Amino acid sequence: GLASFGTSRGVCVGYHRAWINRENTMSNNLYARAECGCGAVALLVAGEPEAVDPRLRLAWWPETALQLTQGADWLELTDERRGEHRLLVESCRRCGDRLMVSRDGWVETTLEWVERLGLEVSTLRASDALRESFGHARPVD
């Protein structure tokens, strides 16, 4: 599952294990900073996600909502398969922390990013198409 726990540097998220701190606004959008455990790679995410899945604790953003701000030399890109879906995993080569997964102009992060932006998850929409494009099964009620 997605375990998260507090530390002196912020919140460490189990799935991506990204360090997240709430920031101010950037270009009239709320944004959050995320960095790996060792601090070598840092990202900014702005605005609201396109879709969320509270059950999986995941959010999907347009690629343009994320910006690498530090550590391009430490960013490692690897291919991953979830069933028939080919995904690009972005992690830190130095500490191994997994920051995000991307596919076809979309980025998957943990729901922690949304919560740290101060957004109300229940007001955001779900998307079966995005969930399934990242290789997650449709939830059974």
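The values are calculated or read from the model by the stated rules, or taken from the named source; none is laboratory data. Because the structure is a prediction, the values reported are computed rather than measured. No Cβ is skipped: glycine too gets one built from the backbone with ideal geometry, and neighbour counts run over all protein chains shown. Side chains are part of the model used for accessible areas, which takes the heavy atoms of the whole protein and leaves out ligands, DNA and RNA. Shrake-Rupley method; radii C 1.70, N 1.55, O 1.52, S 1.80 Å.
So, in the range 113-137, of the ones that are charged (D, E, K, R) and either closer than 11 Å to Glu48 by Cβ or assigned to a loop (DSSP other than H, G, I, E, B) (or both), which residue ends up most open to solvent (accessible area, probe 1.4 Å)? Of everything passing the filter in the range 113-137, Arg125 is most open to solvent (accessible area, probe 1.4 Å). Where strands (runs of 3 or more DSSP E) sit wholly within the range 26-112, those with at least 3 residues that are in contact with a helix residue (DSSP H, G or I) (Cβ under 8 Å, 6 or more places away or on another chain), closer than 23 Å to Ser122 by Cα and not β-branched (Val, Ile, Thr) occupy 58-62.
A count restricted to the range 88-141 and to residues that are within 20 Å of Ala42 (Cα to Cα), of a type in the set (Val, Ile, Thr) and more than 10 Å from the chain's Cα centre (by Cα) stands at 1. For the range 40-51, the count of residues that are in contact with a Ser or Thr (Cβ under 6 Å, 6 or more places away or on another chain), surrounded by 14 or more Cβ atoms within 10 Å (Cβ to Cβ), free of Cβ contacts under 8 Å to residues at least 40 places away in the same chain and not aromatic (Phe, Trp, Tyr) is at least one. Of note, Glu76 does not satisfy the criterion of being at pLDDT 90 or above, touching a Leu at 6+ places or on another chain (Cβ under 7 Å) and among the acidic types (Asp, Glu). Here is a check on your reading of the model: is Arg125 touching a residue at least 40 places away in the same chain (Cβ under 8 Å) and farther than 16 Å from Trp60 by Cα? No; evaluated as a whole, the condition is false for this residue. The set of residues in the range 53-106 that are on the phi < 0 side of the Ramachandran plot, surrounded by 14 or more Cβ atoms within 10 Å (Cβ to Cβ) and among the small types (Gly, Ala, Ser) comprises Ala59, Ala65, Ser91, Ser102.
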